[in-house]
Structures are given as C-alpha cells and as structure tokens.
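The next block holds one structure in the form of structure tokens; read it before the comments.
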Amino acid sequence: MADEITITIDGQEVTTTPGTMVVQAANDAGIYIPYLCYHPGMKPYGACRMCVVEIEGQRGTPASCTLPVRDGMVVNTKGGDAVQVRNTTLDLLLSEHPHGCLTCHRIDLCGPQDICLRHVDVVDRCVTCPKNERCELKDTTRFHTQELVSPLTYQYRNLQVETKDPFYDRDYNLCIVCARCTRACDELRGDVAIGMTERAGQVLVGTVMGDSLLESGCEFCGACIDVCPVGALTETAYKWERPARVEQSVCAECPVGCTMTYEVNHWERVVRAVPELNAPSNMGQACFKGKFGFEYVNDKRRIRKPLVRRDGELQEASWDEAIAAAAEGLAQHRGPAFALMANPRNTNEELYAAQKFARAAMGSNAVDVASNDRPGIVEGLQDTFGYFAGTMTTWELADSAAVMVVSANLTEEQNVVGVPIKRAVRAGTQQLIVIDSREVELTRYASLWLRPYPGTDSVLLGGMLRCIVDNGLADMEFVNERAEGWDELVACLEPFTLDAVAAETGVNAASIEQAARIYAEAASAALLFGGDSSIGGTRRTLSRMVAALAVATGNVGRHGAGVMPLYQGANAQGAFDMGAWAASLPGHNLLDDASAREAFGKLWGVPIPDERNPGNRSIFTRARDGSIKAMVMLGDHVHYEDGTLGDVMGGLDALEFLVATSAFPSAITERAHVVFPAEVWAEKTGTYTNIERRVQPLRKVAKNKRVDSRSDLDVLCALAAAMGAQGFSWDGPAQVLDEIARVVPEYAGISWERLMRERLDIVTTPSDEPQPTQVMYTGNVLTGLKWPCASEDGELFVDRFRHGKARLQPVAWHPRPEVDPQFPLMLAHGRVLLELGRKPNVTVVGKRNRVEREERFVLNPVDAAAAKLGEGDPASVTTADGAERRGVVALLDAVPAGVVSLTTLFGELAVEVDASDRPDPMNHIARLNAAPARITPV
Amino acid sequence: MLSSLLAAQDELGYLPYEAVDEVSLCTGSSVNEVWAVASFYPNFRFTPPARHSVEICWGPTCHVLGAQPILQGLVSHLGLEGEGDTEDGSISLKYNTCLGVCPHAPAMSFDHELAGRMSLDEAVSRVERIRAADSAGEQQA
C-alpha cells in the first residue's frame, strides 16, 4: 500500500497507516505501552497520562494515545522521563483508589473471606473487589513494580454503591475517572445515559441529578461494563466470579448473531458474556439480552432426565426407553397427520435434520419454526431477488447516506443493527426515516417520522414508489440493466396517487414526497422493515414494495445500500435456508415446485409428499380440528403463549401424541407424552446463519453437569434410527453440514474445517501485560462465511440476482382492515428509552428500583372529541383481548385518526425481566403489535 | 447550551430538572450531557435560592485586607458551615472570587448591591437588617 509509513518503536521498525495513534501502532505490533483510558474503537481522550512516551527530537513526554504517527518517528516507550511520569500518575490514581492489598506481600494467599491480619477495611481490599485479578489498574501497578508506601494513604470517597438498578452494580468509590464508560455510551452507543459530573477533584461519572439508570436513557447494553478497567462497573450476576476458561461462540437471542466470548467458571457455569471487539457481526457491541440473558444455561430447574408418560403421568426413564417410546408413538402417525415445530435457537444442522425427519422419515411437509410468524416479509424478496434473505450487512449501515426503517422495533428486537444507525445519525452523516405508527426508540433519531395508520405500510411505500416514478427520481439505467417487469409494476401503481395514499394512511402528502426524495436522492439508502403492524397477506406486498423501491432507486448491491428484513429468532435465516418452514425445501427451492420435490426425493431416497406445508399457525389450527394428530416440538418460544400462533395449547391438548425436547418444564412438556432434556445453545456445536447471511460457528461453551441432556440433532437421529429411516446416520454436526453443503447450493464450499479457518488474525500484546478485557479476548476471531461463498460468476446482488435479473412483481392496494365497531381504535404501543419532557417516578421496592409512571394515551383530537375526552382527562383503554389500561389523554395532531398511541419505558421492561422468576425471561419478551382497542372516559 | 442554562438560571434563580430537560430538548443533547456541563460550573445551583443574597469577596486584595475574619464570623453568625442557605431560607451566603471593587476592599454585596471597607460588625448588622425586613415582609404577606 502506498500510504503505509514506518516508525521505530523501541528500536523495532513498525509499519502502520497515517492517522493511527502511536499507542495503537505499538499494540498492533505487539509492543506494550501501558494505558488506562484509551480503548480501541473509541476516539483518543488523553485523560490518564499512563501512555506517555518519548519521541526523538521532541521535547517532553506526549501521550501516545493522542499522538498520530509520523513517517520516520522514533518512539522510546521505556525512557526514564516517561517511566517517571507514569509512576507519578499511578501514585496519583492510587491516592483515590482503595488498594489495601497491593502493599501486602500475602495477597496471593488471600481469598475474599479471609480475615485480614493487617486490619485493613473491607472496602480497602483488592481481594474483596469484584474485579480482583481482572483489574487493569492493579495489573498495571504490578507491571510497573510500583513501590507503594505503607501504611495506606488514600482517600476513600464513601459513596453509596448503586445496586438498585437491574443488571448493573456501580461502585464509584473505585472509579478512576478514565471516562471510558461515558465515551462508550456516547460514541459507541449514541445513548449518553451517563456523563461526567462536577469538576476538578470532585469529578465523577453520573447521571442527571443522580437519577437511576431506569430514567436516564440507559438501554442496559453493558458496553460501559465491558470497557471499565476497574471494579466500578460490574454485572450484578456472578459479580465476584472469575473465569476458569473462556470460549467464543455466537449469541442466540436475535438474528444479528453477535460473536461473544463467554467466561466459564470452575463449576462449568457460564458467568459472563463479553462481546467480541473485532467480530464483523457486532464489532464489540451487544444488547441487554445477549449480555445478561444466558443464566438459563446454569439453571437448576432444567429437566434432568428423559420423561415418558405412563398411566397418565410423566415418569423418569432412560434415554433408550424414551427413544423407543417416542419412536413407537410416532410410527403410528406417519403422513400428513404429523407436524414438527422447530425453534429459532436450533442450529442449521438441527433444522436440516428436523425438516428431513418430517419429510423423509415421517412423510409430512408440516414443519416450521416458532419465530416465523410473518413469513411475508421475506417472500416478497424471494419473488424479486430469488432468495428469502436480505441483501445487506449490519455494519455497512454506518456508511449509508439514508436509512428507512419501516414498522420495526429494532433497538429492542435486533438491537445491534440499530447501533451503526444511531452512530451515523449522531455524526450527521445519515438521514433516518422512520415509518411506524408507534413511537419507538429510533423515532428520536429520525429526521422524518411518518405515522401511518397501522397496517397501511405497504400503501405508504406504494405512494413513495409512485412519487419516485412520477418525479423522475428512478434510476432507469439500473432498472433497465438489472430488472425485468418494470412496466407491469408501474401499471400497478395507478391507484397510488399521493392524495389517495395520504387519505388511506393518514400521513400528509408533503411528508410522503419528502420521504421519497430523501430515499431516492441519497447516495446510498438502506431499507429495513419488520412488518410489525401489517397483517397476514399484506406483508408479502410490503416486502415486494420494499424490493421494488430498492430496485427503482438502484439501492441494492452497493455498499451502504440494500434491504434487510427484520425477522425474529437467532437462526430464522437458517430455517429459511434449510427449508424448515412453510414455503420452501432446503436451498430456497419452493415446495410448490414439483421438480424440486422430485430432486430431493431422489437425494433422500424417499418421495417428498405433495401436500402443502400449512405453516406454523395453521399447524395448531389443524391440531385443534384433529387433522394433525402427532407432533414433535423442539424447545419453547414466546409465540407459543403470546397469541401470535393462535391457541397453541388448545392444539397440543387435542393431539394424540406429542414429543417435546425442552430444557425446562413448560406448558408444552406438561402436555407431552415423551420429553427429552434438551441441550441449550451454549452446549451445542453447529452453525447459525445471521441476518447478513453469515454462517457462523457455534461452539460448545459449557455443559450443565446436573442434566443428562442431548442436542435436538442427536434426538432426531436416534428417533429416525429407531424408526428405521435411512439417511440420519451422521456422526456429529460437521457431517450434517457437509450434507447441507452438498444439497444447498448457497452453502457450497462451507465446512466446519473451513469455518474454523476463517479467522481474523489480530496481533495483541502478550497476555501477561495488562489489557482491557475485550482486547485480551480478541485475537482469534472466527468470522464465519457469508453465503454464497463458492466461486461463481459475479457476486450476489452486486453483479447478479439469483435468476440474473431482479423480477419486479405486481403489487396490490391493501385497504385498511375493517374496524370492529366494538373496538374502533388501533392501539399503537411503542417502547422508548426515555420520554422527553416528562420524568417518571422511580421508587425503591425492596432492594430494587421501580418505575412509576402514569400512562399517557396520545390521540388525534378528532377521536378524542368522538370519545368526549379532552387533554389531561383520565381514560381507560381496553384492547380486544380484554386487557385494560388506565391513564390520561394527551392530544396530538400528528397521531393519525383512529390510532391511540402509548409508550412504555424501556426501564420498565428491564425491571420486569430482571425481576422475572422464569429461567429464561429473554425468550419470553413479547413483540409490540398493534391491537384493536377502545377508549372510554373514567 | 451554556447561554440557555444561564438564561434559565437568571429567570428562575436556579436550575430545576425541568430546565435541564428543556435545554436538552432545545440543544438536541441528552439530559446527561446538559448535566455534565451544568454541574461543572459552581455558579449554577439546582435548589431554589434563599430570598436574599449576600456575597463576600475572597479575592487577593480583600483577603489581605481582612476578608477572612469577616467571612468566618459571618458563617458562624448565620449558623452555616460554609457557603449555603440559612435554615430559615432568608439568606444565601456565597463566596465570590472578585467583586471587582478592590480599592474598597474588603468588599461584600447585599442583594447585588456593593458595599466596601466592611468590618465584621458592619456585615452582621447589615445582614440582620435584611433579615428583619425579610421577616416583616413575610408577616405582611
């Protein structure tokens, strides 16, 4: 590279790029310069003065974290002046940091419970600090073999430890004011939920007026904990646990697929999750689910042994007995009377085996995953581009000039996707359009927020598309070269005039045109959509509209441009790829395609049944009406209980035979005839495919030793063997992946060995030198492989679509659904981090903080007048499911007529999850769907 | 941001949470960012001030000419431990680094009116006059 420069550090020549700071250049070359406030990925700050160095030909000792490299620079990190400055700095830092044990020769012999013979206060001791042996300050002090004076002379701040908020403990007595946490919250997350307070000697980290994190705008992502060098910020759970070993794997909470390093203690418990600093999927970030939601692995309540129903009661049995019982029961229900429900936390290998088991072993096409409640959002993409998948990667969103998010609560459901968007908006390089009838976290960042009537998203996008066509904003060169069906599409847009669309959606015409212009005129525009407020069949139209908008403006296949469907479920993409859902067979081959069925019939040696796959919702309907008689259910999911899939339990009650694999006793296992104790994600080996189509290796992190569990793959293979089915004799997931790579063309070239080879080799300084945790854990990042990865002609989406050209599809106008006169309004329930202009009450209940807040129903004045309500009136909102909420009315013209808007604070959810006694509360957070409702005065 | 905070404090005499929130709305920053700025400056206060202000200069000139005895005397006279508000809410005592009238040192200001060549007795009697007027006003109200 032309713009490489060479500098000399401690006599060693180091090649680096201009703009790099000296400390990073040294670290990248494996040369250690001590630092406490610097953190890779964040802007240099220069607070701690530990990284001072000497530069030949330059006076003084500049801080190397704020010093850019210069060609020919000669750096001396070990010069006498620099070392003296560092020692003085450390002295000063320790003058306000409890360090009783550092002056003691016995420290290595002491445990936290030992009685100290030196009469050092508990708060003075290092051994009672949660970060003992993980503390960068202590490591740095030891590294410098600092001579410390004894007896102790330091000032203890005597501050109350903040332990009342969910997930976090904050002990500012230990803070060294490096400002990593505030900078992480600001620069990395864009939240600024914490800041520096006061000045000079009193300066500390805090929130406005010392508020609780519940009301300061905290999203509990844990980024501040991950960067804290000392014991000031820690996770409440397993606070004092030290890792015996660490394992890299992939988070199982959502389709972003964050690479995480899990710390495992001596008792094989997962105690901490640290997002991987350099992983391409998450770049060192995580969210409250991934950071704090793993406790269920260690839970005592897990099912320990297989259970078989005898005489109406579930009784413990051996694995062989249970397999035999399940195989015998299932053998009586071969054919379309059998259905299999898989789980989005299943690996690709399990999903492949599951659909093969249903189709080849049981002769039924009825297989789906629980999270797949809105298949329409990928069907329109398949219609147009050929694949049930998005076209983008998460982190290119940081470079998009415009981003449009349609009906998706992504900061909660796919949190890390929101991070690059928030960063770019705050940096002023991106315009964000939010189309959502609810107020969600991203609306605060939006330059334009359109609030259509729930369910009219597709009409609104149609209006934008027509506006783009009418105003000559379409990229006709791209359309002519890369797409077919344009004229037919334009003909369909006839009814989508601005006025008609404005009337149908309740959004004014000028805003629709403005959105269309921002999207079409941006240098690169991304379109993210969740279809949260749409219903049934309109989602397929929505995703066709999305694809058409992207094609019409040439916003696909370029960096920062593309479309991303925001489905739920960690491995939902894997389910589409493996054909473990309604529309397709493995490899995005439509189930309706007779030749595809025949091909797979030949491959598997068993004809594939002709029946259509009813899909998950209808599977339960059919179970209720008796046409499905036996089922296999893999795992638990929120959709089984939140009504998304209808009356699931009613369906299970009507079954003649139910086999469940589950980690915990649940309403499903209560109804099962055979229950297998399932391994959870952290105990499995396999692959997940994330929202970017990146196939990522999932590695065994730990094993709960109390339970005799097996993976769903093992269970399915054992059942198939017991039932005499052929083609299930794999020896481990790697062999399944080999079969997948053979039959799924997109996965060609992917193997376990190759996934283990695809690494980012990051040079780090030797691990005996003090480093931030995230830096210590990085170095061997498994990047996964984005499909398709076999050499082909041209890159997918960039040069070609699956069928060469994109096939633009006709689109229909879906009017508003008819309103039930009993429930004339639609409740648009959103969730925000903080509500501007209104402060909730935080009270302490027991030992925990709680949010107390009056509900505020925001209404259009027209609806308020109809219900005889005015600003500030108390009112009650009842939804069709019978739930009632009380609050006060607020009037706002921006809310479309027919909608009542309501927000809850994210803090309320955090408290709820934290206080939940469910083993796996993160798996039970329901989505925020629009619901019919009525409002009445109280 | 700073000018908005100053305007709010001039208007209200202090910065309540609502003012911080309002400034954050206007400037497009988080409340915590506004707080970081506001809490940096000792001139901002976040609780309602007392009804009358008494400032005492402890700049170098006033210090040399005897501000310390007045300051300490006044603090103990008002039953305070330093800067702050009296318990009855009548007087806010503040130290000022320079009132800008060094030729008249030691200087003080009573309700923003300057007074020079102060002695402890004079300071106490002025403070008592303000208090008397204040309690008379209170009773009338």
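The values are calculated or read from the model by the stated rules, or taken from the named source; none is laboratory data. All values derive from a computational prediction rather than experimental measurement. Here the Cβ is made from the backbone with ideal geometry for all residues, glycine too, and neighbour counts use every protein chain on show. Surface accessibility is based on the protein's heavy atoms, side chains included, excluding ligands, DNA and RNA. Shrake-Rupley method; radii C 1.70, N 1.55, O 1.52, S 1.80 Å.
Please find, within the stretch A:232-252, the residue that is nearest to A:Gly293 (Cα to Cα) out of those that are of a type in the set (S, T, N, Q) and more than 19 Å from the chain's Cα centre (by Cα).
Step one: filter the stretch A:232-252 for residues of a type in the set (S, T, N, Q), giving A:234, A:236, A:248-249.
Narrowing further to those that are more than 19 Å from the chain's Cα centre (by Cα): A:234, A:236.
On the way: A:Thr234: 15, A:Thr236: 12 Å.
Here the residue is A:Thr236.
Taking the stretch A:205-239 as the search range and keeping residues that are more than 10 Å from chain B (Cβ to nearest Cβ) and farther than 16 Å from A:Asp171 by Cα, which one is surrounded by the most Cβ atoms within 10 Å (Cβ to Cβ)?
A:Cys221
Going through A:Ala408, A:Ala424, A:Ala366, A:Ala401 one at a time, which residue ends up being open to solvent by 10 Å² or more (accessible area, probe 1.4 Å), small (Gly, Ala, Ser) and on the phi < 0 side of the Ramachandran plot?
A:Ala401
Using the structure shown, decide if A:Arg272 is at pLDDT below 90 and either under 23 Å from A:Ser767 (Cβ atoms) or among the aliphatic types (A, V, I, L, M) (or both).
no
Could you list, in sequence order, all residues of the stretch B:1-32 that are open to solvent by 50 Å² or more (accessible area, probe 1.4 Å), within 9 Å of chain A (Cβ to nearest Cβ) and in contact (Cβ under 8 Å) with a residue 12 or more places away in the chain?
If the condition is that a residue be open to solvent by 50 Å² or more (accessible area, probe 1.4 Å), within 9 Å of chain A (Cβ to nearest Cβ) and in contact (Cβ under 8 Å) with a residue 12 or more places away in the chain, then B:Glu22 is the only one that fits.
Residue-wise test of (1) in contact with a Lys or Arg (Cβ under 9 Å, 6 or more places away or on another chain); (2) open to solvent by less than 30 Å² (accessible area, probe 1.4 Å); (3) at pLDDT 80 or above; (4) outside the structural domain of A:Cys228 (by TED's automatic domain parsing).
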position: A:Ala82; (1), (2), (3), (4): no, yes, yes, yes
position: A:Val85; (1), (2), (3), (4): yes, no, yes, yes
position: A:Thr89; (1), (2), (3), (4): yes, yes, yes, yes
position: A:His99; (1), (2), (3), (4): yes, yes, yes, yes
position: A:Leu102; (1), (2), (3), (4): yes, no, yes, yes
position: A:Arg118; (1), (2), (3), (4): yes, no, no, yes
position: A:Val122; (1), (2), (3), (4): no, no, yes, yes
position: A:Cys129; (1), (2), (3), (4): yes, yes, yes, yes
position: A:Glu133; (1), (2), (3), (4): yes, no, yes, yes
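Being of a type in the set (Val, Ile, Thr), open to solvent by less than 10 Å² (accessible area, probe 1.4 Å) and closer than 30 Å to B:Asp21 by Cα: is that true of A:Thr259 here? Step through it out loud before you land on a result.
Details: of a type in the set (Val, Ile, Thr): yes; open to solvent by less than 10 Å² (accessible area, probe 1.4 Å): yes; closer than 30 Å to B:Asp21 by Cα: no.
Taking the combined requirement at face value, the residue does not satisfy it.
Go through the stretch A:837-852 and give me each residue that's open to solvent by less than 80 Å² (accessible area, probe 1.4 Å) and in contact with a Ser or Thr (Cβ under 8 Å, 6 or more places away or on another chain).
If the condition is that a residue be open to solvent by less than 80 Å² (accessible area, probe 1.4 Å) and in contact with a Ser or Thr (Cβ under 8 Å, 6 or more places away or on another chain), then A:Val842, A:Asn849 are the ones that fit.
Within the group A:Ala331, A:Ala337, A:Ala389, A:Ala354, which residue is in contact (Cβ under 8 Å) with a residue 12 or more places away in the chain, buried (at least 24 other Cβ atoms within 10 Å of the Cβ) and either assigned by TED's automatic domain parsing to the domain that holds A:Ala654 or touching a Ser or Thr at 6+ places or on another chain (Cβ under 7 Å) (or both)?
None of the other options fit; the residue is A:Ala354.
Please determine whether any residue of the stretch B:118-139 is surrounded by fewer than 19 Cβ atoms within 10 Å (Cβ to Cβ) and at positive phi.
Checking the stretch B:118-139: not a single residue is surrounded by fewer than 19 Cβ atoms within 10 Å (Cβ to Cβ) and at positive phi.
Please specify each residue of the stretch A:768-824 satisfying the condition of being open to solvent by 40 Å² or more (accessible area, probe 1.4 Å), under 30 Å from A:Val23 (Cβ atoms) and either in contact with a Lys or Arg (Cβ under 7 Å, 6 or more places away or on another chain) or part of a loop (DSSP other than H, G, I, E, B) (or both).
The answer is A:Asp768, A:Asn780.
Among the candidates A:Pro255, A:Pro275, which residue alone is within 18 Å of A:Val781 (Cα to Cα) and under 22 Å from the mean Cα position of the chain (by Cα)?
Being within 18 Å of A:Val781 (Cα to Cα) and under 22 Å from the mean Cα position of the chain (by Cα) holds for just one of A:Pro255, A:Pro275, which is A:Pro275.
Residues checked against (1) in a loop (DSSP other than H, G, I, E, B); (2) open to solvent by 10 Å² or more (accessible area, probe 1.4 Å); (3) touching a helix residue (DSSP H, G or I) at 6+ places or on another chain (Cβ under 9 Å):
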residue	(1), (2), (3)
A:Asp108	no, yes, no
A:Gly111	yes, yes, no
A:Ile115	yes, yes, no
A:Leu137	no, no, yes
A:Thr145	yes, yes, no
A:Tyr154	yes, yes, yes
A:Asn173	yes, no, yes
A:Gly190	yes, no, yes
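Kindly indicate whether any position in the stretch B:29-51 is more than 30 Å from A:Val205 (Cβ to Cβ) and either under 14 Å from the mean Cα position of the chain (by Cα) or modelled with pLDDT under 90 (or both).
Residues of the stretch B:29-51 that are more than 30 Å from A:Val205 (Cβ to Cβ), as a first pass: B:50-51.
Filter again for either under 14 Å from the mean Cα position of the chain (by Cα) or modelled with pLDDT under 90 (or both), leaving B:50-51.
Yes; the residues of the stretch B:29-51 include at least one that is more than 30 Å from A:Val205 (Cβ to Cβ) and either under 14 Å from the mean Cα position of the chain (by Cα) or modelled with pLDDT under 90 (or both).
For (1) under 30 Å from A:Glu136 (Cβ atoms); (2) within 23 Å of the chain's Cα centre (by Cα), each residue gets a yes or a no:
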site: A:Ala741; (1), (2): no, no
site: A:Pro745; (1), (2): no, no
site: A:Arg759; (1), (2): yes, yes
site: A:Thr764; (1), (2): yes, no
site: A:Glu769; (1), (2): yes, no
site: A:Gln774; (1), (2): yes, yes
site: A:Asn780; (1), (2): yes, yes
site: A:Leu785; (1), (2): no, yes
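Does any residue of the stretch B:62-82 turn out to be within 14 Å of chain A (Cβ to nearest Cβ) and either over 13 Å from the mean Cα position of the chain (by Cα) or open to solvent by 70 Å² or more (accessible area, probe 1.4 Å) (or both)?
No - not one qualifying residue is present in the stretch B:62-82.
Could you grab the pairs with beta carbons closer than 8 Å, sequence gap of 6+ or different chains, first residue in the stretch A:834-847 and within 13 Å of chain B (Cβ to nearest Cβ), second one loosely packed, with under 11 Cβ neighbours inside 10 Å and of a type in the set (A, V, I, L, M, F, W, C)?
Between residues of the stretch A:834-847 that are within 13 Å of chain B (Cβ to nearest Cβ) and residues that are loosely packed, with under 11 Cβ neighbours inside 10 Å and of a type in the set (A, V, I, L, M, F, W, C), there is no close pair.
Within the stretch B:33-61, count every residue that is more than 14 Å from chain A (Cβ to nearest Cβ) and surrounded by 15 or more Cβ atoms within 10 Å (Cβ to Cβ).
Summing the residues that are more than 14 Å from chain A (Cβ to nearest Cβ) and surrounded by 15 or more Cβ atoms within 10 Å (Cβ to Cβ) in the stretch B:33-61 gives 12.
So which helices (runs of 4 or more DSSP H) are wholly in the stretch A:531-609 and hold at least 1 residues that are modelled with pLDDT under 95 and under 23 Å from A:Val405 (Cβ atoms)?
A:538-552
Can A:Leu909 be described as assigned to a strand (DSSP E or B), at pLDDT 90 or above, of a type in the set (A, V, I, L, M) and in the same structural domain as A:Arg848 (by TED's automatic domain parsing)?
No: the conditions fail for A:Leu909.
Out of B:Leu71, B:Leu93, report the one residue that is of a type outside the set (Ser, Thr, Tyr), in contact (Cβ under 8 Å) with a residue 24 or more places away in the chain and under 18 Å from B:Tyr14 (Cα atoms). Explain how you work it out, then say what you get.
Values: B:Leu71 fails: under 18 Å from B:Tyr14 (Cα atoms).
Exactly one of B:Leu71, B:Leu93 is of a type outside the set (Ser, Thr, Tyr), in contact (Cβ under 8 Å) with a residue 24 or more places away in the chain and under 18 Å from B:Tyr14 (Cα atoms), namely B:Leu93.
Could you tell me which of the residues A:Asp592, A:Asp577 is surrounded by fewer than 19 Cβ atoms within 10 Å (Cβ to Cβ) and more than 25 Å from A:Met649 (Cα to Cα)?
None of the other options fit; the residue is A:Asp592.
This table checks each residue for (1) open to solvent by less than 30 Å² (accessible area, probe 1.4 Å); (2) out of contact with any Asp or Glu (no Cβ under 8 Å at 6 or more places or on another chain).
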{"residue": "A:Gly605", "(1), (2)": "no, yes"}
{"residue": "A:Met631", "(1), (2)": "yes, yes"}
{"residue": "A:Gly650", "(1), (2)": "yes, yes"}
{"residue": "A:Pro677", "(1), (2)": "yes, no"}
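Out of the stretch A:629-649, which residues are of a type in the set (Asp, Glu) and either without any contact (Cβ under 8 Å) to a residue 40 or more places away in the chain or in contact with a Ser or Thr (Cβ under 8 Å, 6 or more places away or on another chain) (or both)?
The answer is A:Asp636, A:Asp647.
Need the failing condition index for A:Glu56 against (1) modelled with pLDDT of 90 or more; (2) open to solvent by less than 70 Å² (accessible area, probe 1.4 Å), just the number.
For A:Glu56, the failing item is (2).
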